[in-house]
Each structure stands twice: as structure tokens, then as C-alpha cells.
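Novice: Structure in C-alpha cells, see below.
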Amino acid sequence: MTTNYDFNDRPDAARISLVAGSTGEAEVAELFLNFQWAYREMQRQYDQVLANSGLSESKFIILMFLAQAPQQQLAPSVIADKLGATRATVSKLLKGMVAQAWVARVASPTDKRSTLIQLTASGQQSVTAFLPHNFAAVQTIMAPLSPAEIDQLNGLLQKINQGTHNLNLELERNQHAK
């Protein structure tokens with residue numbers, strides 16, 4: 001597996017094999033590094049597409065959650081759960097989004113002590129204006145893949161997700177054993 005990369009100290013299989021237990025482990029480690037690099041580069045470019053529209057990935061996702069929600073409203077705790085982020089992180093994001101007039105805080109009709117976050121017309125306009133850029137970026141990134149390769153990649157990603165889930169379970173077991 002020979003690929004040119006933009007940074008200088010990227011270990012190859014030969015360097016990895018010096019610390020790995022076997023050649024097979026070194027090849028898998030090199031594949032993992034290549035996968036990480038591809039993801040990070042893809043994310044870096046996608047972040048730039050988002051930034052060109054004044055968005056971050058988290059803000060875009062929040063706008064999409066709200067656009068799909070009943071009455072375009074969600075509780076901040078629900079947004080945090082859906083985003084997989086802490087409530088403090090989401091609170092900071094929402095504060096900025098309120099300042100940009102993309103969302104508004106509204107009283108909950110069922111619990112006067114609670115507030116809901118509602119998508120504003122400006123927020124809807126921002127997400128609607130960004131969607132063509134989003135789809136164009138995704139098409140550009142995925143254009144080198146054939147339909148069969150896209151199907152294959154989907155299957156491989158499912159397997160990687162299963163491996164990631166297995167690692168999470170292993171880490172939780174180790175944490176509980178301490």
C-alpha cells in the first residue's frame with residue numbers, strides 16, 4: 001500500500017512492524033492510519049464548505065434536527081442527546097445560534113419552567129441555502145467511487161462500526177473491572 005501524503009513523519013508498514021507483533025498487525029495498523037488520514041482530510045475540507053456558509057457541523061446538524069422536528073421545536077436536552085454532546089456544549093452552541101437569529105428560545109406549552117428551541121425563518125433560510133453546497137460537496141468527495149464501490153464501502157463501514165462498538169464494550173468492561 002503506497003500512497004503519498006502531505007506530512008513528513010507518517011509511519012509505513014515497515015516502520016510500524018518494528019513495534020507491531022507481526023507483519024499482519026503492521027498492515028492493519030497502516031490501513032487504520034490511512035483511514036484516519038482520509039477521514040481527517042475529508043472532514044477538514046467539509047468543515048471549510050460549512051464555514052463558507054457561516055456554519056459548523058454541529059450548528060448545521062442542530063438546524064436539520066429542528067427543521068425535521070414537530071413545530072420545528074426541541075428541548076435543549078433532546079438536542080444534546082441527538083447530537084451526542086454535553087448539555088453545556090449545546091448550550092454554548094445555542095447561545096450563538098440565538099445571537100445569529102437562527103433559533104429562538106420559546107416557553108414550553110406543557111411546562112412553564114422549561115424552554116424549547118425553535119427554528120426561525122432565518123435559520124430555515126440558512127439551512128435551505130446551504131443544502132445545495134452540502135450535496136455538491138458530498139458528490140465531489142464520492143465521485144471517484146462507482147456504484148458497486150459505494151455499496152462495498154457501505155458494507156465495510158458497517159463492519160468498522162461493529163468493531164468500534166466492540167471496542168466500546170471492551171472499554172466499558174475494563175472500566176467496570178477497575
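Novice: From the list Ala85, Ala101, Ala136, exactly one residue is touching a helix residue (DSSP H, G or I) at 6+ places or on another chain (Cβ under 6 Å) and of a type in the set (A, V, I, L, M). Which is it?
Specialist: Just one listed residue meets the conditions, Ala101.
Novice: Take Lys159 and tell me if it is more than 22 Å from Ile62 (Cα to Cα), at pLDDT 95 or above and among the basic types (Lys, Arg).
Specialist: yes
Novice: Given the condition open to solvent by less than 90 Å² (accessible area, probe 1.4 Å), within 30 Å of Ala29 (Cα to Cα) and of a type in the set (A, V, I, L, M), answer yes or no: does some residue in the range 125-139 qualify?
Specialist: Yes.
Novice: What are the residue pairs meeting all of these: first residue in the range 99-114, first residue at positive phi and modelled with pLDDT of 95 or more, second residue in a loop (DSSP other than H, G, I, E, B) and open to solvent by 70 Å² or more (accessible area, probe 1.4 Å), Cβ atoms under 9 Å, and 6 or more apart or on different chains?
Specialist: Pairs that qualify, where the first residue is at positive phi and modelled with pLDDT of 95 or more and the partner is in a loop (DSSP other than H, G, I, E, B) and open to solvent by 70 Å² or more (accessible area, probe 1.4 Å): there are none.
Novice: So, of the residues in the range 65-75 that are in contact with a Leu (Cβ under 9 Å, 6 or more places away or on another chain) and assigned to a helix (DSSP H, G or I), which turns out to be nearest to Val127 (Cα to Cα)?
Specialist: It comes out as Ala67.
Novice: Can you pull out the helices (runs of 4 or more DSSP H) entirely within the range 76-178 that have at least 3 residues that are of a type in the set (S, T, N, Q)?
Specialist: Fully inside the range 76-178 and qualifying: 121-142, 147-177.
The values are calculated or read from the model by the stated rules, or taken from the named source; none is laboratory data. Bear in mind that the values here come from a model prediction, so they are computed numbers and not experimental data. Cβ coordinates were reconstructed from backbone atoms using ideal geometry, including for glycine residues, and neighbour counts include every protein chain displayed. With ligands, DNA and RNA removed, areas are computed over all heavy atoms of the protein, side chains included. Shrake-Rupley method; radii C 1.70, N 1.55, O 1.52, S 1.80 Å.
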